Amino acid sequence: MSGLSLIDKVTLGAALLGGAAGVAGSFAVLRRRSLVGDMLSHASLPGVCIAFMLMESRELWGLSLGALASGLLAIVLMTMVTRWTRTKEDAAIGIMLSSFFGLGVVLLSIIQRSRSGANSAGLNSYIFGEPGNMLDSDLTLLAIVAGRGRTL
């Protein structure tokens, strides 16, 4: 994939991401769980920040593992809140979404104040997206994940 131009990388990455997200999103809508995806995207922010603080680098695998751990914790907590309290599922989703995202914003501001700030490390563009910075390794990983998701 190293022979691809920047526009080709961005186009291919967007197509792979759109295809994988479309398949997962269809199942979420059919099961009436579309807000869970929104919660997971917001809940991943503290995991990305903590992984960045521990690794002090922007490596995709580490930040992705941090996001995965944070998202799984949000799902577990949401399930516990709905099972052990009278809180309905949509309210529990909203609680987790706002709590985790708020924690992530606090952690992001702490990172930005540190000497290895998120702006100098490119963490803001990583979190909020900048497809022009996509590396060949990112595109390869995205292709593997998107291809693997279709076979499940």
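The values are calculated or read from the model by the stated rules, or taken from the named source; none is laboratory data. Just so it is clear, the model here is predicted, and its values are computed rather than measured. Quick reminder, even Gly has a Cβ in these numbers, built from the backbone with ideal geometry, and neighbours come from all protein chains shown. Just the protein is used for accessible areas: all its heavy atoms, side chains included, with ligands, DNA and RNA removed. Shrake-Rupley method; radii C 1.70, N 1.55, O 1.52, S 1.80 Å.
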request  = Of the numbered conditions (1) open to solvent by 50 Å² or more (accessible area, probe 1.4 Å); (2) over 16 Å from residue 145 (Cβ atoms); (3) free of Cβ contacts under 8 Å to residues at least 60 places away in the same chain, residue 6 fails exactly one; give the number of that condition.
outcome  = (3)
Restricting the range 73-93 to residues that are of a type in the set (D, E, K, R) and free of Cβ contacts under 8 Å to residues at least 12 places away in the same chain, the residue that is nearest to residue 48 (Cα to Cα) = 89
